[in-house]
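The values are calculated or read from the model by the stated rules, or taken from the named source; none is laboratory data. Computed from a prediction, not measured in an experiment: that's the story for all the values here. We place every Cβ from the backbone using ideal geometry, glycine too, and count neighbours over all the protein chains shown. When the accessible area is computed, the model is the full protein with side chains, heavy atoms only, and any ligands, DNA or RNA have been set aside. Shrake-Rupley method; radii C 1.70, N 1.55, O 1.52, S 1.80 Å.
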Number of protein chains: 2
Amino acid sequence: MNAHMSPDEFRRHGHQVIDWIADYHERLESFPVLSQASPGNVRASLPADPPERGEGFESVLADLDRVIMPGITHWQHPSFFAFFPANASGPAILGDLLASGLGVQGMLWATSPAATELETHMLDWLATLLGLDPRFRSDSAGGGVIQHSASDAALVALVAALHRVSGGATETAGTAAGRFTVYTSEQTHSSVEKACRVAGVGSAALRKLRIDPATQAADAGHLADLLAADVAAGYTPALVVASVGATGTGALDPVGTLADLAHEHGAWLHVDAAWAGVAAVCDELRWINAGVEKADSYCTNPHKWLLTNFDCNAFWVADRAALIGALSILPEYLRNEATESGEVFDYRDWQVPLGRRFRALKLWTVLRWYGARGLRDHIRGHVALAQEFAGWVAADGRFELLAPHPLALVTFALRAGDAATRSALHAVNASGDAYLTHTLVNGRLAIRMAIGSVLTERRHVEAAWHAIQAQA
Amino acid sequence: MNAHMSPDEFRRHGHQVIDWIADYHERLESFPVLSQASPGNVRASLPADPPERGEGFESVLADLDRVIMPGITHWQHPSFFAFFPANASGPAILGDLLASGLGVQGMLWATSPAATELETHMLDWLATLLGLDPRFRSDSAGGGVIQHSASDAALVALVAALHRVSGGATETAGTAAGRFTVYTSEQTHSSVEKACRVAGVGSAALRKLRIDPATQAADAGHLADLLAADVAAGYTPALVVASVGATGTGALDPVGTLADLAHEHGAWLHVDAAWAGVAAVCDELRWINAGVEKADSYCTNPHKWLLTNFDCNAFWVADRAALIGALSILPEYLRNEATESGEVFDYRDWQVPLGRRFRALKLWTVLRWYGARGLRDHIRGHVALAQEFAGWVAADGRFELLAPHPLALVTFALRAGDAATRSALHAVNASGDAYLTHTLVNGRLAIRMAIGSVLTERRHVEAAWHAIQAQA
């Protein structure tokens, strides 16, 4: 059992794994959503040392059930309402499996032309589906690429912004080339602060915009004031990050206004629409991306709410030259005719890593299996459930809605105060019947109900609501 | 066809995909190794717009053969000798498939305890298999984590190094907190220069160490001189990157000496052993990691030569506090009891992104299927083939070996000069019978013969050699 797995063995065990996954999706409701494991439980069931001789695949599958499953928090469970969803649909899983089977590297066009071209094409398809401005398409000066995550997208946007605002000086001089500043709202994901730390501008360069207490959206007037003050003090504004669907409450920033202000001062406007952006596949929700046509870069995660398993962050730039200028290095061992012809994209120059998995395959299988109509049905179903849920919250005097909820995230609290809210949340999560997480809204502890699992039906939302009510 | 894929549909199409992959691995030799596609070929065969209605999975599989396959360069082909290998073994593909099916996020221990604990445990197992110093194990002050790629590992090593050498000042002040310098050899992978650009120290901060023309290894004396001069000029050395198996020729830097010099000046020593490091599973090759016991961080890629499909970079630190200090940010929506107890690892604090796929599963399936013996057989087979190949090169007066070749990379050229070498390489690659890439050795164009595909047998190496000879 220590030779390579033969094609016939692969067939046999592959069918077992496919069946295991199909069975898992059928029996998902039988598991507690949140793992009941304590720290160290899983490791205590694993041998201290690796095996000297190989083992049969069946023994691994047996241990998967025995050792691993009790330590799993079930993100695909129909009653998973925590964080944001992480859709792993059938067609995506199979597209990703094909990518594993092919095992190609798409770092350069030349290292597998189909990996690059399908990716460019799928990002154009997705731009069409979302109604994005033509500036982001590959036949303009821009184009799309798959990043690992929205955090990686924020990082490369910052690096490209620094490159452009410094006229390329940061490439050699680093962030010492100026005194750069970055702007985003208090509600924006922590990835922006992390990007500031990783990219060497430091967290002190990050200015947090005040938010409107009613909408939780960034205050554009505050951005105008900060920009003016910073420029007067000798700083160079490099990047403004607007959120379309901020992590805490799903707030929608005034993207167009923020973009105008950024551009007045030469800064780059990046839009983080990690969770919410994909909702624009529905015509009636396309308004959430108002103003994005003015952005320098935009990202949304098919790996959250658009049925494509992790990792698949769709990232577009309006000016690919700035991105490539910031990230391209060509050592001898990567030189090739196609690259030197200038006729191709080499996606290693659009990202931090060199290596690239063929991730466009899973986007292709998803977009073709569902078609535009299937994607819209998926999003509309969750939005309708969330609106119904919000209605139940509003109708129960013990509860209070704390933020707008136009999509599928509802933020609410018990009127009795933070202690009561916390206690209700913990009780529901500890029961294993549902899993929700929390945030702070205007200083108050709030429960986040994020609806988005492939398997979630009305009965699961209703059961969660009854469980929460029972704790009130 | 625009509803979700049912478990029964998933079973049926899943078996089709598994069979497609098994068939593909059986018929790999029937493909030209290097894709014969021209720029735009693949896109020209794809519809301009995404489908409005969903399609059947069979139509996607048909287009996979018709549209995608002609644009594939076959990294799993037994005659793929380019770059470095990218092993996608059966057990790894199935482990990765299980990760897709579970669809969990391991960003926090709490979001799926098994994802974190299995990862910690597998990195300890791998440390055992490679004979790494106990300082890198999780029961010390250090520990291991899976990064996306060696480029990401270099970046987080640099960010951690800047954090430590500045006493935490870079966290807020960024790289303006000092005048930092980074050191690595001319032969080191371009990822180090890219990390310097991304992390905001700039490429001017990077000092390239001279190499020994005979061994291609970094000249430690040059590092000593540069460090002394930089410190005298007011710079703060932050990071030295040593290579174990540099990309061009597989050079092995004097890690221990470089580490001593780095530490004399307070700098961090990171070891990039992306390709070669895994060879240390064999006792007789463990010497390649001499000196690593003094390093601050070390990485090697099971996704290159250790049978685990992309992405899986194994990265260890001796002092996890510096890494976590550099990268940890805790917003309200991620707070949880397990994190606050301090009893768990939250791997989001060990990497740039927040989201994390359950990549430890594929490492687990690989290490259990093969066992230590199977891993050793895999490495030894390739090393033996490379030694035999090098013998053939040495015995043919028209050719010349250009660098040491203790592992499975052989660098050689035609004595007739660069034009002859280039022409021979192009002819072999254009034939589709084999695929090799090139590098520069002491200014001379050299062919790189990197042996490492799962399917490569003696006859493939022999055929490649005969094809090269025929062009000489």
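Taking R0 as 60 Å, what FRET efficiency do you get between A:ALA224 and B:ALA214 from their Cβ-Cβ distance, rounded to the nearest 0.05?
Numbers: r = 63 Å, r/R0 = 1.05.
In this case the efficiency is close to 0.45.
What size of dipole, in debye to the nearest 20, comes out for chain A about its Cα centre when the only charges are +1 on Lys and Arg C-beta atoms and -1 on Asp and Glu C-beta atoms? Write down the numbers at each step before the final one.
Details: 36 positive and 50 negative charges, 146 e Å.
The calculated dipole for chain A is roughly 700 debye.
Quickly work out the A:ARG27-to-A:ARG415 label distance, labels modelled 7 Å from Cα along the C-beta direction, and quote it in nm with one decimal.
4.5
Among the complete DSSP H segments of chain B, which ones combine at least 30 Å of alpha-carbon extent along their axis with a mean Kyte-Doolittle hydropathy of -0.5 or more? Spell out each step's value before the answer.
On the way: long enough: B:360-395 (45 Å, 0.18).
For chain B, where a helix must reach 30 Å along its axis and average at least -0.5, the hits are B:360-395.
State whether the stretch A:182-282 is rounded, prolate or oblate according to the following rule on the C-alpha gyration tensor (a ≥ b ≥ c being the square roots of its eigenvalues): a/c under 1.5 gives rounded; otherwise a/b larger than b/c gives prolate, and the remaining case gives oblate. Write out the running numbers ahead of the final one.
On the way: a/c = 1.74, a/b = 1.44, b/c = 1.21.
Here the stretch A:182-282 falls in the prolate category.
If the label for A:GLU457 sits 7 angstrom from Cα along the Cα-to-Cβ line, what are its distances to the same label in every other copy, in nm to one decimal, shortest first?
Output for A:GLU457: 5.3 nm, nearest copy listed first.
Given label points at 7 Å from Cα along Cα→Cβ, what nm distances, shortest first, separate A:THR172 from the same residue in every other copy?
List, nearest first: 3.3 nm.
Just check the stretch A:351-421 against the gyration tensor rule for me: Cα atoms, a ≥ b ≥ c as the square roots of the eigenvalues, rounded for a/c under 1.5, and otherwise prolate or oblate depending on whether a/b exceeds b/c.
Numbers: a/c = 5.15, a/b = 1.97, b/c = 2.62.
Taking the square roots of the gyration eigenvalues as a ≥ b ≥ c, the stretch A:351-421 is oblate.
Residue by residue through the stretch A:290-305, what is 3J(HN,Hα) from phi via Karplus (6.51 cos²θ - 1.76 cosθ + 1.60, θ = phi - 60°)? Round to whole Hz and write x for glycine and proline.
Values per residue, Gly and Pro as x: 4, x, 4, 4, 8, 6, 8, 8, 8, 9, 8, 10, x, 7, 9, 10 Hz.
Per residue, how big is the convex hull of chain B when only Cα atoms are used? Give it in Å³.
Numbers: hull volume 79.3 nm³, N = 472.
Convex hull of Cα atoms, per residue: 168 Å³.
Charges at C-beta only: +1 for Lys and Arg, -1 for Asp and Glu. How large is the resulting dipole of the protein assembly as shown about its Cα centre, in Debye rounded to 20? Before the final figure, lay out the partial values.
On the way: 72 positive and 100 negative charges, 88 e Å.
Using only the charged Cβ atoms, the result is roughly 420 debye.
Given contacts defined as C-alpha pairs under 8 Å and at least six residues apart, what's the relative contact order of the stretch B:97-364, whole-number percent? Don't skip to the answer; put the middle values down first.
Working: 557 pairs, mean separation 73.3, N = 268.
Value for the stretch B:97-364: 27 percent.
Using only atoms on other chains, find how many Cβ atoms lie within 10 Å of each Cβ of peptide B:151-158 and report the average.
Details: counts 6, 6, 1, 2, 4, 1, 0, 2.
Mean number of neighbouring Cβ atoms from other chains: 3.
To the nearest 20 debye, what is the magnitude of the charge dipole of the stretch A:97-364 about its Cα centre, counting +1 on the Cβ of each Lys and Arg and -1 on the Cβ of each Asp and Glu? If you can, show how the numbers build up before the last one.
Working: 19 positive and 29 negative charges, 124 e Å.
With only Lys, Arg, Asp and Glu charged at Cβ, the dipole is about 600 debye.
How far, in whole Å, is the closest Cβ of chain B from the axis that maps B onto A, and which residue does it belong to?
B:GLY200, 1
Probe radius 1.4 Å, ligands and nucleic acids left out: can you give me the accessible area buried at the B-A interface, summed over both chains, in Å² to the nearest hundred? Walk me through the intermediate numbers first.
Numbers: alone 20600 and 20600 Å², together 27110 Å².
By this definition, chains B and A bury close to 14100 Å².
If I model a spin label at A:LEU455 and A:ASP139 as a point 7 Å from the Cα along the Cα→Cβ vector, what separation in nanometres do I get?
The modelled label-to-label distance comes out at 4.3 nm.
Compare the Cα positions of B:TRP125, A:PRO7, A:SER138 along the charge dipole of the protein assembly as shown (+1 at Cβ of Lys, Arg; -1 at Cβ of Asp, Glu; about the Cα centre) and return the one farthest towards the positive end.
After comparing all options, I get A:SER138.
Please work out the FRET efficiency for the pair B:GLU332 and A:ALA169, using the Cβ-Cβ distance as r and a Förster radius of 35 Å; give the result to the nearest 0.05. Don't jump to the answer; show the numbers that get you there.
Numbers: r = 37 Å, r/R0 = 1.06.
Between B:GLU332 and A:ALA169 the formula returns 0.40.
Can you give the accessible area per residue of the protein assembly as shown, in Å², using a 1.4 Å probe?
Numbers: 27110 Å² over 944 residues.
Accessible surface, normalised per residue, equals 29 Å².
In the stretch B:97-364, what percent of the accessible surface is made up of carbon and sulfur (1.4 Å probe, ligands and nucleic acids excluded)? Mind showing how you got there, number by number?
On the way: 3340 of 6410 Å².
Accessible surface attributable to carbon and sulfur in the stretch B:97-364 totals 52 percent.
From the phi of every residue in the stretch A:271-282, what ³J(HN,Hα) in whole Hz does the Karplus formula 6.51 cos²θ - 1.76 cosθ + 1.60 yield, where θ is phi - 60° and glycine or proline is x?
Whole-Hz 3J(HN,Hα) from phi for the stretch A:271-282: 10, 9, 10, 3, 8, 7, x, 5, 4, 5, 4, 8.
For the pair A:ALA232/A:ARG398, report the inter-label distance in nm, with labels modelled 7 Å from Cα in the Cβ direction.
Once both label points are built, they end up 5.3 nm from each other.
Can you tell me, using C-alpha contacts under 8 Å and at least 6 residues apart, the relative contact order of chain A as a whole percent?
Numbers: 904 pairs, mean separation 102.8, N = 472.
Here the relative contact order equals 22 percent.
Considering the Cα trace of the protein assembly as shown, what is its radius of gyration and what is Dmax, both in angstroms?
Computed over the Cα atoms of the protein assembly as shown, radius of gyration and Dmax are 26.5, 91 Å.
Sort the stretch B:97-364 into rounded, prolate or oblate with this rule: let a ≥ b ≥ c be the square roots of the eigenvalues of the Cα gyration tensor; rounded if a/c is under 1.5, and if a/c is not under 1.5, prolate when a/b is larger than b/c, oblate otherwise. Please report the intermediate quantities before stating the final value.
Working: a/c = 2.00, a/b = 1.29, b/c = 1.55.
Oblate shape, in that a/c is at least 1.5 and b/c is the bigger or equal ratio.
Could you pull the copy-to-copy label distances for A:SER341, with points set 7 Å along Cα to Cβ, in nm to one decimal and sorted shortest first?
5.9
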